[in-house]
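One structure is given here, and the rest of the page talks about it.
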Amino acid sequence: MPPIKDLNALIQNYIKLNKVMVFSKSYCPFCTKVKDLFKSLNVEYKSFELDKEENTDDLQNTLLQISGQKTVPNVYINGNHLGGCDSTLKAHSDGQLLKMINTTTKKYDYDLIVVGGGSGGLAAAKEASNFGKKVALLDFVKPSPQGTQWGLGGTCVNVGCIPKKLMHRAAILGEEFSDAKSFGWDVNTEVKHNWETMTAAIQDHIGSLNWGYRVQLREKSVNYINGYGEFIEPHTLKVTKKNNKVEEISGETFLIATGERPRYPDIPGAKEYCITSDDLFSLPYCPGRTLCIGASYVSLECAGFLAGLGLDVTVMVRSILLRGFDQQIAEYIGQYMQSKNVFFHRGVVPVKIEKLEDGNPGKYKVTGKNTSTGDIVEEEFNTILIAMGRDPCTAGIGLEKIGVKLEKNGKVICNDEDQTNIPHIYAIGDIAKGRPELTPVAIQAGRLLVNRLYNNSKTLCDYINVATTVFTPIEYGAIGYSEEAAIDKYGADNIEVYHSNFMPLEWTVPHREENVCYAKLVCLKTEKERVVGFHVLGPNAGEITQGYSIAMRKGATKEDFDMTIGIHPTCSEIFTTLNITKSSGEDTAVAGC
Ligand code: FAD
Ligand code: NDP
């Protein structure tokens with residue numbers, strides 16, 4: 001039997017979600033009288049038959065706490081308690097009943113206003129409309145300092161996952177051309193890449209996605225407003241449209257899902273001459289010799305596909321590669337990228353950028369400083385891509401004015417239910433503090449939140465053990481703890497690491513590099529070797545990792561992995577046969593498949 005606290009929420013939700021709510025018992029003649037009255041008046045009502053539930057007494061006691069009335073029928077109109085059968089009939093004979101039902105105008109323009117039409121906002125708005133809610137979704141893209149703008153769908157669709165993965169694919173195809181020769185394909189014509197053709201094709205696809213989102217919102221009767229939202233009161237937004245027209249809209253509940261934008265360093269020339277991932281995917285010309293500043297997901301992925309397309313690429317690294325990821329694997333990625341002609345400036349930060357020549361691309365001088373020696377590095381590039389992190393879009397949208405608590409870095413502080421300190425305002429996706437900044441996380445959080453708000457659900461978004469993949473030239477899939485984070489949390493004595501190199505069969509015939517692909521399981525000895533860290537470095541790591549994330553959610557142990565029969569010949573089967581422990585010091589190199 002659920003605790004009383006839950007019954008309270010259940011009853012409150014019934015009251016909140018239904019204009020006319022009758023708590024009733026199916027055999028009670030007074031309840032029937034009231035329901036018949038509503039039927040005769042053609043009034044839509046919701047009844048909750050308490051006698052059909054297992055915990056009728058608890059429900060009645062809860063109703064007593066909420067309304068001061070234990071008996072049925074117990075009638076609510078527009079959230080206000082009317083009373084039992086006598087009160088309802090009296091209200092009718094006094095001519096008040098229909099007035100109460102019909103003249104109580106809705107207090108707000110919308111049940112739910114979603115600010116931000118990216119991964120999280122779109123998912124939440126569409127889901128809310130499925131529950132009959134009146135929903136508005138605002139989306140507005142401020143142009144980047146270089147003037148780049150895009151359509152509905154947010155970061156992932158326009159300037160993130162989608163164009164990034166397609167450009168990664170373009171780069172992988174280049175490698176596959178040379179593999180193809182070994183398999184007998186005659187590819188003797190000169191293989192060249194055309195940036196403009198690739199970019200146009202990818203932007204066409206993105207255009208179709210933008211359009212698709214607009215159609216979906218229309219079909220679901222979500223009011224899409226291409227405007228910038230700013231709170232002026234806790235329930236009211238000022239909306240500024242493209243033509244500078246301003247309107248005000250009010251909502252009962254708000255969801256903030258405004259995402260993040262690239263952070264620029266405060267150095268001369270950064271905003272004037274550099275681009276970010278916001279600009280790269282629609283750049284109308286080939287970027288040429290490129291410097292990527294930063295050493296995390298965005299920088300390494302972009303550096304990887306640009307080098308794969310044949311460009312001369314350098315990465316400027318302040319400290320380590322891929323902070324937060326398993327550092328052994330991060331270093332393997334660095335070595336692999338170096339072998340694919342990506343140059344790394346380690347321990348260097350940018351100091352200034354100067355323009356040398358105009359053009360598409362132009363030419364720029366970058367001055368960097370070694371963080372330990374203070375030495376100055378100067379180099380010329382055609383394009384400088386800044387990928388030094390992203391800032392949440394929470395400044396200047398009135399959150400402070402209405403008292404929503406933010407972290408120093410602008411992230412919104414939420415409880416486990418994605419609710420801010422202002423009860424009718426929620427936040428999901430990249431702007432929410434402590435959540436993985438990934439598209440599927442934002443989508444899942446949005447859907448689950450709406451189900452909690454409008455469908456009596458209690459399910460919270462599980463932000464632990466979220467699988468992710470870094471789409472560098474050799475892909476890296478990870479779930480759970482890195483080796484060093486596991487040691488930090490559980491102590492080195494409690495951790496066993498199983499690992500091995502592996503060779504994809506398809507790499508053997510073209511004689512690709514041996515012992516660059518790698519698999520690692522980090523296991524917790526004190527819990528029957530439960531796997532707390534999964535890491536794979538190799539082709540299609542994203543595809544491999546997804547399935548294992550279910551096993552990790554279910555608490556799979558090393559024995560579960562061992563007892564699973566592999567699929568041969570695949571890369572993924574390596575995880576069913578890992579038998580070298582790191583503590584043994586045995587060599588993990590493999591020769592051939
Ligand atoms: P967003 O998708 O950023 O959407 C927010 C929207 O709100 C934007 O359209 C914004 O313009 C709008 N907005 C902001 N302020 C206002 C306002 N005041 N009024 C109206 N509208 C406003 N994740 C993955 O899972 N896999 C990947 O491979 C991956 N690759 C990535 C590659 C790059 C280069 C980048 C930058 C990110 C990548 N991500 C990836 C992360 C992913 O894109 C984000 O986690 C995801 O888009 C976050 O969704 P969101 O709904 O929080 O915000
Ligand atoms: P991150 O915040 O992850 O990394 C920022 C990088 O910039 C770090 O390498 C950091 O170095 C460096 N940096 C920061 N400040 C400076 C400075 N002043 N000088 C020099 N270097 C600096 O940001 P990203 O933009 O790469 O990624 C943002 C998020 O987007 C990710 O966390 C991820 O969740 C998401 N994303 C997901 C992808 C995927 O799923 N495949 C792909 C791309 C993005 P240091 O380590 O020294 O601090």
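Here are some notes:
- Lys, Arg +1 and Asp, Glu -1 on Cβ, resulting dipole of the chain about Cα centre, debye, nearest 20: 2380 debye
- Rg/Rh for the chain stands at 1.05; both radii use Cα atoms, and Rh follows the Kirkwood definition.
- Per the Kirkwood formula applied to alpha carbons, segment 127-264 shows a radius of gyration over Rh ratio, Rg over Rh, of 1.14.
- Whichever lysines have a C-alpha closer than 22 Å to that of Lys369, once near sequence neighbours (fewer than 8 apart) are set aside: Lys271, Lys352, Lys355
- Loop-located trypsin sites (Lys or Arg not before Pro) in segment 77-155 (DSSP state other than H, G, I, E, B) with a sparse environment of at most 14 neighbouring Cβ atoms within 10 Å: Lys106, Lys107.
- By the count of neighbouring beta-carbon atoms within 10 Å, fewest first, Met100, Met503, Met167, Met563 end up ordered Met563, Met100, Met503, Met167.
- Among Tyr518, Ser549, Thr508 the positive-end extreme of the charge dipole of segment 506-552 (Cβ point charges): Ser549
- Structural descriptor for segment 289-441: relative contact order 18 percent, calculated from alpha carbon pairs under 8 angstrom and at least 6 residues apart.
- With Cα atoms, 0 to 90° folded angle of helix 4-17 axis to the chain main axis: 80 degrees
- Remark: segment 361-366, residue by residue, has Karplus-estimated 3J(HN,Hα) of x, x, 9, 9, 9, 10 Hz, where x stands for each Gly or Pro and the curve is 6.51 cos²θ - 1.76 cosθ + 1.60 at θ = phi - 60°.
- Against the rule of thumb 2.2 N^0.38 Å, how large the Cα Rg of segment 438-593 comes out: 1.15
- Listed from fewest to most Cβ neighbours within 10 Å, the set Met316, Met337 follows the order Met337, Met316.
- GluC sites (Glu not before Pro) within segment 357-404: DSSP coil, no more than 15 neighbouring Cβ in 10 Å: Glu400
- Loop-located trypsin sites (Lys or Arg not before Pro) in segment 531-593 (DSSP state not H, G, I, E or B) with no more than 12 neighbouring Cβ atoms inside 10 Å: Lys554.
- In summary, the lysines within cross-link reach of Lys192, defined as a Cα separation below 18 angstrom excluding same-chain residues under 8 places away, comprise Lys181, Lys340.
- Based on C-alpha pairs under 8 angstrom that are at least 6 apart in sequence, segment 182-325 has a relative contact order of 16 percent.
- Relative contact order of the chain, taken over Cα pairs closer than 8 Å and 6 or more residues apart, is 11 percent.
- Exposure proxy ranking for Ser482, Ser339, based on other Cβ atoms within 10 angstrom of each Cβ and starting from the fewest, stands as Ser339, Ser482.
- Per-residue ellipticity at 222 nm from helix content only, as computed over the chain with -39500 (n - 2.57) for each DSSP H run of at least four residues, stands at -10000 deg cm²/dmol.
- Each principal axis of the Cα cloud of segment 342-487 was taken in turn, and the coordinate range along them, longest first, works out to 61, 41, 33 Å.
- When segment 25-92 is described by a simple charge dipole with +1 on each Lys and Arg Cβ and -1 on each Asp and Glu Cβ, the residue from Cys31, Ala91, Asn78 located farthest towards its positive end is Ala91.
- Between the C-alpha center of segment 461-539 and that of segment 334-380 there is a gap of 31 Å.
- DSSP loop chymotrypsin sites (Phe, Trp or Tyr not before Pro) with at most 12 other Cβ within 10 Å excluded, longest remaining stretch of the chain: 186-593
- Violating pairs (Cα-Cα greater than 20 angstrom) within the set Lys39/Lys134; Lys554/Lys582; Lys25/Lys70; Lys134/Lys220; Lys520/Lys582; Lys411/Lys554: Lys39/Lys134; Lys554/Lys582; Lys411/Lys554
Values quoted throughout were computed directly from the atomic coordinates according to the rules given, and no laboratory measurement underlies them. The model shown is predicted, which means the values in this text are computed figures rather than measured ones. In this analysis, Cβ positions are derived from the backbone assuming ideal geometry, glycine residues included, and neighbour counts consider all displayed protein chains.
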